[in-house]
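The values are calculated or read from the model by the stated rules, or taken from the named source; none is laboratory data. Note that the structure is predicted; figures quoted are calculated from it, not measured. Cβ atoms come from the backbone with ideal geometry, glycine included; neighbour counts cover every protein chain shown.
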Amino acid sequence: MSELEYSESLIGDDKVSIHTFADVSPKAELGKGVYVGSGAVIGPNVIIGSNTWIGPNVIIDGKVKIGSNNKIFPGSCIGLEPQDLKYKGDSTYVLIGDNNTFRECVTINKATFEGEKTSVGNQNLLMAYSHLGHNCEIGNNVVIANSVQVAGHVLVEDRAVIGGCLGIHQFVHIGYLAMVGGMTRVDRDVPPYCLAEGHPGRIRGLNKVGIKRKSIAKENKEEYLQLKRVWNLLFKSEYVISDGLKIARQEDLFQSSERLCGFIELSIGKGRRGPMPSLISTNK
């Protein structure tokens, strides 16, 4: 880096690299090894952990706390006001963990009401032009592909993979190790371990590739066979889902089947949107 283009600020005994054309508030807290590129804007209520890379023209403003070893690519905007007509200026924030990658022009809005947050866990990849609305909660090891538009109050559990160029309706819940195919209309909950695709979205089966990568089938064949039986009972049988759940719970469930049943019980509970139906199920 050129001495004419970058300055080095001292925080304790650790150096931070800030481009001359960046606008970083003196009240912002930057950890050791943080890099801030040309044209970036960092507001006064921002805390950034060590070794995080902030590319050119990134805007991070509002109450934002970002962990260590993140990469934020050019044009991304984090912590700005929610796109919610109910927002009246309350003090809300964005919380981001460690080892995440946010590609070009990712936008993450803060929450709507006092004390609430929008959160992103650890080791996630959000590809270019993806958007997280207010009050979203993203777990760990999640992949969100290009141009995915996530509305407010969406929950995405660990290890989910979401294909590109799609929209996710507000308050939708996407389960652990679920896979959503590109251009799917996601207006209902996607249960864990399931593969969803279509317009409107439908459950197509188990996410066999993700399950294989997680080694569930290899490490415990009985658990995998039970998960297949439970899935068929819930989504492929003549039983309605509530009756299928009662039958499934008559046996001791492994962790994966318990997770699937618990998710659906929550999804069909009061105030939820309900699980996405199967393409081949009689349960509509």
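Considering only segment 151-190, state which residues are more than 22 Å from ASN140 (Cβ to Cβ), charged (D, E, K, R) and crowded, with 21+ Cβ neighbours inside 10 Å.
Of everything in segment 151-190, just one residue is more than 22 Å from ASN140 (Cβ to Cβ), charged (D, E, K, R) and crowded, with 21+ Cβ neighbours inside 10 Å, namely ARG188.
Among (1) on the phi > 0 side of the Ramachandran plot; (2) over 14 Å from the mean Cα position of the chain (by Cα); (3) in a loop (DSSP other than H, G, I, E, B), there is one condition GLN123 misses while meeting the rest; what is its number?
(2)
How many residues are surrounded by fewer than 23 Cβ atoms within 10 Å (Cβ to Cβ) and touching a strand residue (DSSP E or B) at 6+ places or on another chain (Cβ under 7 Å) if we restrict to segment 125-141?
Within segment 125-141, residues that are surrounded by fewer than 23 Cβ atoms within 10 Å (Cβ to Cβ) and touching a strand residue (DSSP E or B) at 6+ places or on another chain (Cβ under 7 Å) number 6.
Write out, first by first residue and then by second, each pair whose Cβ atoms fall under 8 Å of each other, whose residues are 6+ apart or on separate chains, and whose first residue, in segment 216-238, is over 19 Å from LEU279 (Cβ atoms) while the second is surrounded by 12 or more Cβ atoms within 10 Å (Cβ to Cβ) and of a type in the set (Ser, Thr, Tyr).
Note: pairs meeting the criteria are ILE216/TYR224; ILE216/SER256; ALA217/TYR224; GLU223/SER256; GLU223/SER257; TYR224/SER256; GLN226/SER256; GLN226/SER257.
Tally up the residues in segment 29-52 that are in contact with a Gly (Cβ under 8 Å, 6 or more places away or on another chain) and assigned to a strand (DSSP E or B), please.
2
Tell me which residues, restricted to segment 193-214, are of a type outside the set (D, E, K, R) and out of contact with any Phe, Trp or Tyr (no Cβ under 9 Å at 6 or more places or on another chain). Reasoning before the result, please.
In the first step, residues of segment 193-214 are kept if they are of a type outside the set (D, E, K, R); the result is 193-196, 198-201, 203, 205-207, 209-211.
Matches in segment 193-214: LEU195, ALA196, GLY198, HIS199, PRO200, GLY201, VAL209.
Restricting the search to segment 195-204, which residues are free of Cβ contacts under 8 Å to residues at least 40 places away in the same chain and surrounded by 15 or more Cβ atoms within 10 Å (Cβ to Cβ)?
Answer for segment 195-204, where residues must be free of Cβ contacts under 8 Å to residues at least 40 places away in the same chain and surrounded by 15 or more Cβ atoms within 10 Å (Cβ to Cβ): LEU195, GLU197.
Conditions (1) within 21 Å of ILE162 (Cα to Cα); (2) part of a loop (DSSP other than H, G, I, E, B), marked per residue:
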site: PRO200; (1), (2): yes, yes
site: ARG204; (1), (2): yes, no
site: GLU223; (1), (2): no, no
site: GLN226; (1), (2): no, no
site: TRP231; (1), (2): yes, no
site: LEU234; (1), (2): no, no
site: GLU238; (1), (2): no, yes
site: SER242; (1), (2): no, no
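Got a number for residues in segment 46-84 being within 17 Å of LYS117 (Cα to Cα) and free of Cβ contacts under 8 Å to residues at least 24 places away in the same chain?
Our first condition is that a residue be within 17 Å of LYS117 (Cα to Cα); within segment 46-84, this holds for 46-48, 60-67, 77-84.
Pick out the ones that are also free of Cβ contacts under 8 Å to residues at least 24 places away in the same chain and you get 47-48, 60-61.
Result for segment 46-84: 4.
Tell me which residues, restricted to segment 126-135, are closer than 12 Å to VAL156 by Cβ and either part of a strand (DSSP E or B) or without any contact (Cβ under 8 Å) to a residue 24 or more places away in the chain (or both).
Hits for segment 126-135 are LEU126, LEU132.
Which residue is nearest to the chain's Cα centre (by Cα), if the candidates are limited to segment 156-198 and must be part of a loop (DSSP other than H, G, I, E, B) and aliphatic (A, V, I, L, M)? First the steps, then the outcome.
Of all residues in segment 156-198, those part of a loop (DSSP other than H, G, I, E, B) come to 157-160, 163-166, 169-172, 175-178, 181-184, 187-188, 191-193, 198.
Subsequent filtering for residues that are aliphatic (A, V, I, L, M) retains 160, 166, 172, 177-178, 183.
Details: ALA160: 8, LEU166: 14, VAL172: 12, LEU177: 12, ALA178: 12, MET183: 17 Å.
Among them, the one singled out is ALA160.
Considering every residue within segment 182-198, establish whether at least one is in contact with a Ser or Thr (Cβ under 8 Å, 6 or more places away or on another chain), at pLDDT below 95 and not small (Gly, Ala, Ser).
Checking segment 182-198: not a single residue is in contact with a Ser or Thr (Cβ under 8 Å, 6 or more places away or on another chain), at pLDDT below 95 and not small (Gly, Ala, Ser).
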